[in-house]
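*Asks:* I am attaching a structure below and will ask some questions about it afterwards.
The values are calculated or read from the model by the stated rules, or taken from the named source; none is laboratory data. No experiment lies behind these values; they were computed from the predicted model shown. Here the Cβ positions follow ideal geometry from the backbone for every residue, glycine too, while neighbour counts run over all protein chains shown.
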Amino acid sequence: MSQPDTSSGAVPTPARPRRHARSRIPLALLLPAVIGLAFLVLPLAGLIIRTPWATLSQRLSEPGILTALGLSLQTATLATLLCMLFGVPLAWLLARTDFPGRRLVRALVTVPLVLPPVVGGVALLLVFGRRGLIGSWLYAAFGITLPFTTAGVVLAEAFVAMPFLVIAVEGALRGADARYEEAAATLGATRWATFTRVTLPLVAPGIAAGAVLCWARALGEFGATITFAGNFPGRTQTMPLAVYLALETDMQAAIVLSLILLAVSVTILAALRDKWIASP
Amino acid sequence: MTTRSVSILDGHLRVGLAGFSLDIELAIAKGQVVALLGPNGAGKTTALRALAGLRPLSAGHIRLAGQTLDEPARNLFVPVEKRPVGVVFQDYLLFPHLSTLDNVAFGPRRRGTPKTQARQQAAAWLQRMGLADFAGRKPRQLSGGQAQRVALARALAVNPQLLLLDEPLAALDAKTRIDTRAELHRHLHDHDGATLIVTHDPLDAMMLADHLVVIEDGRIVQQGDAATITAQPRTDYIARLVGLNLFQGISTGTTVALPGGFALTTAQALTGHVFAAFPPAAVSLHTSRPDGSPRNTWQATITGIHRHGDNLRIQLDGPITAAADITPAAAAHLNLSPGQQIWAAVKATETRAYPA
């Protein structure tokens, strides 16, 4: 047997004395990292520090807050369901089929991500407004009005949040081994049965992650909502809108509303993360 | 192809790919196990995918039990899920989110069997595979050998007319492989449809199949039963697989003239184009020119020495390129080293000739 002519590997080297695994973290990386972290955390800390804790329980019982919170949770959840209903099939189409213009479709899907939400709201008005392209027909044929209604809030949130879901699910589908789908087909499964029995369960964690992102984006939606649905307490005034309104009149109320929104979203995301996002 | 019975599978598989084409004819009888043997890139997997319906043919046809599954000329194509074909994939592809039982019940369920009945059938299959205790387990909790049997049960549970196995033992370690091979042999011979095994392992092919089809570069180079193929290889690939030195030449009586000018004396008197073959163990090495019984002798240069089982395999160059197997004791006695000149000899009685 001849010796391998590379210097590594074959010749056993004596174990090096154990010391710190790596040398010091370079300051040029550490310093910006710490500043970045502070930049993200400080505003949240400021919110907590400036919270009027003494009057908190009294403010929490104000009816307007619970109404806005309830509406926010309700519309964000409905918007997420809407996004899943249409977004998962769209992601499947992008990941699993080949059709002319697929690249263009994928680019179009991401447009709401880069579009300023207010512009999105204007665009929604032009299409779904009472004199819009589809809106006028909806009103004439069914008497349905979308703008300035709770349904309009859901629509605005879904418009802004759906790309998050589609992109996350498409990524999960591309990462999943398509040969499982071939195996299902050889066992007699149609494409639909393969999708429901094999593909969906395999990418369920990816769909859950996408839904959580989508929900969080919908919960925080402001620009498209206020443009398309307006700011009517109890009907279209979600938490971000309430925060903005309170800011003009009562700073303390704005802080409390912000704190509640923060607490609720962090709690729900943390709970979902443990339940769904953790790998099996 | 055989005298056993009429073929249930009649295929002429023609698939054109960039820089590669597959063109093989394949016939398998009911209950017959055929192995498609070939090196990597020979087109084995393409053939399997075409039969399963995962890749359409470019030309030719596939007929199974009287039904045409694919025939481009007549614009006929039966999609994967409608074919009476079962596939055992190389890495099994058991659905990770389903229990062992539900994996096996998946096929019957999709083909319309009611749930309770499908699960009963699946349980019966697991019982047959000796896996009754593992019904509730997830695939990741199974060993390689168990997963292989579940994959086989899953494919057989749909009662396929044609069972396809893609490198069924390649994912297993050496020890599991021997046990699983014996068991697989039993199950394949219980299967009354046609079976095709795709493999690059000659041992798997010979142990599991009744009939071997050897393909190289998308074409059939030889087919027959294991005994014929091991005794009379017709390409260098098969000769290497079965461990023979193989030469092609023109025979006059018992003398075969090889292209390089060398002549081999063989045991059979033949005329015309022939193959001549001898096993490496029949070659003896000598420091000086041997004489005695009628034999082939030539002066060779040692180009390589490797371990081969208990012996050493010596690669020889010279008028012919050949391999010789000798004992370590003999090698030590001869003091062999690469580059050394040596005399090689093979008895004529150990050199077989057969028509090309």
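*Asks:* Would you pick out the residues in region A:105-131 that are surrounded by fewer than 18 Cβ atoms within 10 Å (Cβ to Cβ) and either touching a strand residue (DSSP E or B) at 6+ places or on another chain (Cβ under 7 Å) or not aliphatic (A, V, I, L, M) (or both)?
*Replies:* A:R106, A:T110, A:P116, A:R130, A:R131
*Asks:* Regarding B:G19, is this residue at positive phi, of a type in the set (G, A, S) and surrounded by fewer than 19 Cβ atoms within 10 Å (Cβ to Cβ)? Steps first, please.
*Replies:* On the way: at positive phi: yes; of a type in the set (G, A, S): yes; surrounded by fewer than 19 Cβ atoms within 10 Å (Cβ to Cβ): yes.
Taking the combined requirement at face value, the residue satisfies it.
*Asks:* Right, another one. Find the residue count for region A:178-229, including only residues that are within 14 Å of another protein chain (Cβ to nearest Cβ) and of a type in the set (D, E).
*Replies:* 2
*Asks:* Restricting to region B:54-63, give me the number of residues that are within 14 Å of chain A (Cβ to nearest Cβ) and either outside any loop (DSSP other than H, G, I, E, B) or in contact with a Phe, Trp or Tyr (Cβ under 8 Å, 6 or more places away or on another chain) (or both). Give the steps one after another, and end with the answer.
*Replies:* To start, the set of residues in region B:54-63 that are within 14 Å of chain A (Cβ to nearest Cβ) comprises B:54-56.
Next, from what is left, pick out any that are either outside any loop (DSSP other than H, G, I, E, B) or in contact with a Phe, Trp or Tyr (Cβ under 8 Å, 6 or more places away or on another chain) (or both): B:56.
Residues in region B:54-63 being within 14 Å of chain A (Cβ to nearest Cβ) and either outside any loop (DSSP other than H, G, I, E, B) or in contact with a Phe, Trp or Tyr (Cβ under 8 Å, 6 or more places away or on another chain) (or both): 1 in total.
*Asks:* Here is a further query. Quick check on B:G107: is it touching a Leu at 6+ places or on another chain (Cβ under 7 Å), farther than 25 Å from B:V80 by Cα and touching a residue at least 24 places away in the same chain (Cβ under 8 Å)?
*Replies:* On the way: touching a Leu at 6+ places or on another chain (Cβ under 7 Å): yes; farther than 25 Å from B:V80 by Cα: no; touching a residue at least 24 places away in the same chain (Cβ under 8 Å): yes.
Answer is no for this residue.
*Asks:* I've got another one for you. Select the strands (runs of 3 or more DSSP E) contained entirely in region B:179-246, then report the ones holding at least 1 residues which are in the same structural domain as B:D317 (by TED's automatic domain parsing). Show your work before the answer.
*Replies:* Values: elements: B:194-199, B:211-216, B:219-224.
Ranges flagged: none.
*Asks:* State whether one or more residues within region B:98-117 are within 12 Å of another protein chain (Cβ to nearest Cβ), among the polar types (S, T, N, Q) and closer than 20 Å to A:F195 by Cα. Break it down into steps so the answer makes sense when it comes.
*Replies:* Let us first name the residues in region B:98-117 that are within 12 Å of another protein chain (Cβ to nearest Cβ), namely B:98, B:102-113.
Narrowing further to those that are among the polar types (S, T, N, Q): B:103, B:113.
Those still in the list that are closer than 20 Å to A:F195 by Cα too: B:103, B:113.
Yes; the residues of region B:98-117 include at least one that is within 12 Å of another protein chain (Cβ to nearest Cβ), among the polar types (S, T, N, Q) and closer than 20 Å to A:F195 by Cα.
*Asks:* I would also like to ask the following. Kindly state which helices (runs of 4 or more DSSP H) lie completely within region A:181-280 and contain at least 2 residues that are without any contact (Cβ under 8 Å) to a residue 60 or more places away in the chain.
*Replies:* Values: elements: A:191-194, A:200-219, A:223-228, A:239-249, A:251-272.
The helices (runs of 4 or more DSSP H) meeting that bar are A:191-194, A:200-219, A:239-249, A:251-272.
*Asks:* Looking at B:R83, is it more than 23 Å from B:A147 (Cβ to Cβ), touching a helix residue (DSSP H, G or I) at 6+ places or on another chain (Cβ under 8 Å) and either of a type in the set (A, V, I, L, M) or within 14 Å of chain A (Cβ to nearest Cβ) (or both)? Working first, answer last.
*Replies:* Working: more than 23 Å from B:A147 (Cβ to Cβ): yes; touching a helix residue (DSSP H, G or I) at 6+ places or on another chain (Cβ under 8 Å): yes; either of a type in the set (A, V, I, L, M) or within 14 Å of chain A (Cβ to nearest Cβ) (or both): yes.
Judged against the criteria, B:R83 is a match.
*Asks:* Now for a separate question. Do the conditions hold for A:L146, that is, is it more than 14 Å from chain B (Cβ to nearest Cβ), assigned to a loop (DSSP other than H, G, I, E, B), buried (at least 16 other Cβ atoms within 10 Å of the Cβ) and in contact with a Gly (Cβ under 9 Å, 6 or more places away or on another chain)?
*Replies:* Taking the combined requirement at face value, the residue satisfies it.
*Asks:* Taking the conditions exactly as written (within 19 Å of B:D23 (Cβ to Cβ), part of a loop (DSSP other than H, G, I, E, B), of a type outside the set (K, R) and more than 9 Å from chain A (Cβ to nearest Cβ)), does B:L69 satisfy them or not?
*Replies:* On the way: within 19 Å of B:D23 (Cβ to Cβ): yes; part of a loop (DSSP other than H, G, I, E, B): no; of a type outside the set (K, R): yes; more than 9 Å from chain A (Cβ to nearest Cβ): yes.
Against the criterion (within 19 Å of B:D23 (Cβ to Cβ), part of a loop (DSSP other than H, G, I, E, B), of a type outside the set (K, R) and more than 9 Å from chain A (Cβ to nearest Cβ)), B:L69 does not qualify.
*Asks:* Somewhere in region B:148-161, is a residue in a helix (DSSP H, G or I), surrounded by fewer than 17 Cβ atoms within 10 Å (Cβ to Cβ) and modelled with pLDDT under 95?
*Replies:* Scanning region B:148-161, I find no residue that is in a helix (DSSP H, G or I), surrounded by fewer than 17 Cβ atoms within 10 Å (Cβ to Cβ) and modelled with pLDDT under 95, so the answer is no.
*Asks:* Within region B:98-113, identify whether any single residue is under 30 Å from B:A42 (Cβ atoms), surrounded by 19 or more Cβ atoms within 10 Å (Cβ to Cβ) and not assigned by TED's automatic domain parsing to the domain that holds B:G41, and answer yes or no. Break it down stepwise before answering.
*Replies:* Kept after step one, since they are under 30 Å from B:A42 (Cβ atoms), are these residues of region B:98-113: B:107.
After this cut, where a residue has to be surrounded by 19 or more Cβ atoms within 10 Å (Cβ to Cβ) as well, the list is B:107.
In the following step, the residues that additionally are not assigned by TED's automatic domain parsing to the domain that holds B:G41 were identified as B:107.
Yes, that holds for at least one residue.
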